[in-house]
Every structure is written in C-alpha cells, then in structure tokens.
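Beneath this line is the structure, given in structure tokens, with notes to follow.
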Number of protein chains: 2
Amino acid sequence: MARIREFDTEAAVEAAMWAFRRTGFEGTSIQDLVEATGVGRGSLYAAFGNKEGLYLAAVDRYRDKYALPLIEELRYGLPARELIHGILLDVVDEIVADGSRHACLMVSAAVERAPHDPEVRVRIRATTASLEDAFADLIGEQGLARGRDPRDVARFLMTTIHGMRVTAAITPDRAALTAIAEVALGCLA
Amino acid sequence: MARIREFDTEAAVEAAMWAFRRTGFEGTSIQDLVEATGVGRGSLYAAFGNKEGLYLAAVDRYRDKYALPLIEELRYGLPARELIHGILLDVVDEIVADGSRHACLMVSAAVERAPHDPEVRVRIRATTASLEDAFADLIGEQGLARGRDPRDVARFLMTTIHGMRVTAAITPDRAALTAIAEVALGCLA
DNA sequence: CTAATTCTGTAACGAACAGTCAAGAAAAGG
DNA sequence: CCTTTTCTTGACTGTTCGTTACAGAATTAG
C-alpha cells in the first residue's frame, strides 16, 4: 500500500543504544544519533517521535538484550551459588572485554535520567525488580540467605552489580573487580 | 590594589555543586549556573576559566566536604565493625533525608564525566583510593577481613556504597537500603 | 585627586541544539 | 499507466549553547 521503510529499526535502536551509553542522554545530540544510526533526521523523528522516544527504545532494547536473558538463566539454573558466582564473573568479563570505561545503560539511565523522566524511572524500576525477583526466588529455594530475607540478599546482589559498573567507570581493572565479586559472594551461605 | 571580589567563591562553588549534582555536567547550562550561584557570566568565567573549571571545583568541594571527613572518622574510630556499620547507615540516612533521587556527585561524575574527562577521572580515582586506604587500614588492623586481603574488602565496601547511590536513584526506600547495608556488613568478620 | 587594576553586567559571537516541514522518491492498488 | 500512501532527504525554524569582549563601577596606591 505504501513505501516500505528502508532502514532496519532494530539496528538503528541498537546503534542509538551504544551512542547513549557512551555519551548519555544530554550529551548525545540528534546529529550524533543521525550519524550513529545512519538514519536521517526526519525518519528518526517519524519513527520515534522525539529524542526521549528513541532513548526509551534504547533502554527497552538494553533490557531485552541483557536483563531478560539473565532472568531466564536464573530461572532454570539449579546450582545456585555457582550460578550467581558465574553471573558476577560474567559481569566482570563484560566490563573488561568492553574496554571503554562507560557504565552500562541501566546505571547511566538510573543516574542521569531516572530522576527527571518518569518513563525512564518506571522502566529501570521494573527491570531491576524483575532481576531481584529472579535472584530472590533462587536464593530462597536453595536456602542461601543465611536466615535473612532472600529479597534483601537479592537487592544486595543488584546493588553490588550496579556498584561494580560505577567502580569500572573509574578503574576497569579485572583483578580488583573479581576480588570485589568474590567478597560479595561471601555474603551467601 | 584593585577591586575586591564581590561574591563568595565558596558559596558559588557550593551552589554549582548542587546544580551539577541535580542535572549533571551536560544537563547544566551556564545560564543555570548563573542563576544557581547568583554570579554573573563574566565573573564566573573570570574565576573558573570555563564550565569544566567550575565542575572540577565542585567535585573538589564535594571531596572536601564529604569524603575527607569520612576518612578522618575512619582513621580514629576503633570499634571497626560498629564504625563501618554506622557509616553505611549514615549513607542511608543521607540518601533518605535528601529526598531527591539524585545520586551523589562522585557517582554522577564517575558515570557521566570520568570516561570523557581525564581531570575528573584522576580526581575521582584519588578520592576513591583514599577512602579505600582508610577502610583497608581499619579492616586490616582489626582483622575483619576473614582471611581475605583487607584491600579487597575495602574495595567491596566502596562498591557497595556506590551501588547504594544508584539503587537510591531508582527507589530511595529506607528499609530496602538499610537491609542492603546489613547484608553487606555480613561480609565482615 | 589621579592612575592603575580588577571586578561586574551585558551584549554579542558563531556554533550547535531539538524539532519541523515540504518536496521528491519508492512502493502497492487499481 | 496513474493514484495513493508512506518513507527519505535536506533545508530551515527559533532557541539555546559555551565563550568572548567591552564598557563601567569599585577599590587601592601614590
């Protein structure tokens, strides 16, 4: 019935995601996004409404790509302590492999945008809550909470992961991050 | 010999500090800073050179006002476990009392500016390292490390504090933050 | 008082900002 | 073929950005 869209929406959001992660919401201009995605200004506005719309799409994509698989992994992995250990080390790997000092988009969005944008806030909150649920279920089922509320331990783990992202923005050192993960794991039974 | 400066430099930096904490580096315009400090554009540039100069002054002030006293407290407080417990709860108090969802300037600077500005990086790194030193000394002296390297435990504590700031940006809930602090404290002997 | 110096306030700079719009190009229905 | 619909392109909007320049006010030295 009409002309088909030339650019790949997914690919554009992916590119925008990296741009926002690198320079934040305020620090990324529409021109930057045009260059990063290879999509014209007009098309960008037609597809996403405005800068915030594209940002929200990027945050959603980050959730789908990184958080949801993690939740799945937590749901079916049974040796819980080893699983959580592996997840923390994976975070370290990801940070070190990436090389750039930029925090993940979740942390960046939480710090920069969540206080100002309710849409961002509700998304970050939902993703964090889902991850906490997954951690809490696993910890509760296998009695790793040492008498504490599994939800509190789950929150603690999420805080540790967030904190490691911040620490990595300052010094992305593998040994230090690994040691931090090991100490945190000591809080589990 | 010449006209004396009319505005209070300290007060101006203090005001700029709050502005930067609220809206970040990129999100705070010179006009915002003029309004926040009550100092004219020209005077601001004469005193601090440019936007980055004022930002660095704000980061320095944050360090002097919040990090240095903490380091002093760690140096002379002997019941280490209770001291650290109190410090973590103080962080919670500060976050909750503040009410605003904004992360502290250290975390904000680490996430937003440290990857792009070497001057910011070196400052945040130095402050974090000093705090780690203070924690590590205390933990080492009093054998709270449970056989681990006291430095690793200190790094872990810093990461926990950073993480709590991020968590607070999403949900500044006293009960949740307190519980997180308690779990983290479980890593000490 | 005058001269020298340094601050303050404001106007102005070019560049970059987010967002709009109209005209052309491409696809599908008839 | 032509019409209709939608996407793309690029120029353009007015505004705001960080920074500079300059005139005038305030202070001190001589």
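Expressed in units of 2.2 N^0.38 Å, where N is the residue count, the Cα radius of gyration of chain B is 1.14.
Sorted from shortest to longest, the distances between the A:Ala175 label points of this copy and the other copies are 4.4 nm, with each point 7 Å from Cα along the line through the beta carbon.
Neighbours of B:Tyr76 by Cβ distance under 13 Å: Lys/Arg scored +1, Asp/Glu scored -1, total -3. Would you mind telling me the share, in percent, of accessible area of region A:61-185 contributed by carbon and sulfur at probe 1.4 angstrom? With neighbouring chains kept in place, the figure for region A:61-185 is 51 percent. With R₀ set to 45 Å, the beta-carbon distance separating A:Phe7 from B:Lys65 gives a calculated FRET efficiency near 0.40.
In this structure chain B gives 43 Å² per residue of accessible area when probed at 1.4 Å with all protein chains present.
Computed over every Cα-Cα pair of region A:103-147 and binned at 5 Å starting from 0, the pair-distance distribution P(r) comes out as 5, 22, 20, 16, 11, 12, 10, 3 percent. Measuring r between the beta carbons of A:Ala126 and B:Ala46 and using R0 = 41 Å, the FRET efficiency lands at 0.30.
Near B:Gly163, once Lys and Arg are set to +1 and Asp and Glu to -1 for all other residues with Cβ below 12 Å from its Cβ, the sum equals +3. Interface residues of region A:86-112, defined as those losing at least 10 Å² of solvent-accessible heavy-atom surface relative to the isolated chain (probe radius 1.4 Å), are listed as A:Arg101, A:His102, A:Ala103, A:Val107, A:Ser108, A:Ala110, A:Val111, A:Glu112. A point 7 Å from Cα along Cα→Cβ stands in for A:Ser100, and the other copies hold the same point at 2.8 nm, listed in rising order.
In nanometres and ascending order, the distances from the A:Ser29 label point to those of the other copies are 1.4 (point 7 Å from Cα along Cα→Cβ). Ordering A:Val59, B:Pro69, A:Ala2 by Cα displacement along the dipole of the protein assembly as shown toward the positive end leaves A:Ala2 in first place; charges were set at the Cβ atoms of Lys, Arg (+1) and Asp, Glu (-1). Under the criterion of Cα pairs below 8 Å and six or more residues apart, the relative contact order for chain A equals 23 percent. Average projection, convex hull of the Cα set of region B:131-189: 3.8 square nanometres. Distance from the alpha carbon centroid of region A:46-73 to that of region B:116-178 works out to 30 angstrom.
Mind grabbing the interface size between B and A? I mean buried accessible area, both sides, 1.4 Å probe, in Å² to the nearest hundred.
About 3600 Å² of accessible surface is lost on pairing.
The values are calculated or read from the model by the stated rules, or taken from the named source; none is laboratory data. Computed from a predicted model, the values in this text were never measured in an experiment. Note that each Cβ is placed from the backbone with ideal geometry, even for glycine, and that neighbours are counted across all protein chains shown. Quick note on the areas: whole protein, heavy atoms, side chains included, nothing else; ligands and nucleic acids left out. Shrake-Rupley method; radii C 1.70, N 1.55, O 1.52, S 1.80 Å.
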